[in-house]
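Here is the structure we will look at.
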Amino acid sequence: MSVSQSYTPTVYAAKDYSHIKGLVGITDEQIAVHLKLYQGYVNRTNALLAKLAGLANSGQHADSSYQELKRRAGWEWNGMRLHEYYFDNLAPGGGALEGSRFAERVAAQFGSVDAWKADLLGTAKAPGVGWVITYLDAHSGQIWNHWVTEHEIGHPAGATPILVLDVWEHAFTVYLKPTDRPKYLDDFCANINWDVVSQRLA
Ligand SMILES: [Fe+2]
């Protein structure tokens, strides 16, 4: 049975992160290179969604090329959105962790903020590339640190990203060596925008 379709995909615009300069440790050049990579994800997401819509609107839903593009969509779209979470939770000067809503919640869950941080950094030192995300499960109230492989593999369904940490080597190899991931992780922690992180708990 032929089903007519006229689907119009959203066209995404890259967000402006020109304010992210002068971070502790993470150089402006590193951020500039990383933002260029982010722009690529936005461009490819838009191109891929347009191509999918074109195929679907011409009735090619079951074509293998359509299906393979569907598989790729999670890579591109998450590559775009996860970078937005990451850049959104970075800021020169950061913000106050002590006394924040986030600090209260993780201390209640982990016993202390330091225990949450040790768990975050331990997870982030796992071999491989991907993301470490502090998630909130709204169903149970649980907060935990979670590993996501590449961009799209292993996201917990329905959970809310609270803090997003890029642990792909492209995030730090402009100013460090690949073996310097621990230094990058310390630099990341020194630049977290705690106000944004706490707002995501709302
Ligand atoms: Fe990245």
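The values are calculated or read from the model by the stated rules, or taken from the named source; none is laboratory data. Treat the numbers as computed from the prediction; the structure is a model and nothing was measured. In this analysis, Cβ positions are derived from the backbone assuming ideal geometry, glycine residues included, and neighbour counts consider all displayed protein chains. To get the accessible areas, we keep the full protein, side chains included, count just its heavy atoms, and leave off ligands, DNA and RNA. Shrake-Rupley method; radii C 1.70, N 1.55, O 1.52, S 1.80 Å.
Miscellaneous remarks
- Placing unit charges on the Cβ atoms of the charged side chains and taking the dipole of the chain about its Cα centre, the candidate lying farthest along the positive direction among VAL197, THR173, GLY154 is GLY154.
- Sorting ARG101, ARG71, ARG200 by accessible area puts them as ARG71, ARG101, ARG200; the probe is 1.4 Å, largest comes first, and only protein heavy atoms count.
- Rounded to the nearest 20 debye, the dipole magnitude of the chain is 360 debye, with +1 charges on Lys and Arg beta carbons, -1 on Asp and Glu beta carbons, and the Cα centre as origin.
- Simple Cβ-charge dipole of the stretch 101-189, Lys/Arg +1 and Asp/Glu -1, about Cα centre, in debye nearest 20: 140 debye
- Here GLU169 sits with roughly 80 square angstrom of accessible surface, probe radius 1.4 Å.
- Across the accessible surface of the stretch 62-141, with the other protein chains kept in place and a 1.4 Å probe, carbon and sulfur atoms take up 50 percent.
- For the chain, the 222 nm mean residue ellipticity estimated from helices alone, with every DSSP H stretch of n ≥ 4 adding -39500 (n - 2.57) and the total spread over all residues, rounds to -15000 deg cm²/dmol.
- Surface accessible to a 1.4 Å probe, ASP28 within the full protein complex, Å²: 70 Å²
- With protein chains left intact and a 1.4 Å probe, residues in the chain average 50 Å² of accessible area per residue.
- Lysine-lysine proximity count for the chain, Cα under 30 Å, sequence distance 8 or more or distinct chains: 24
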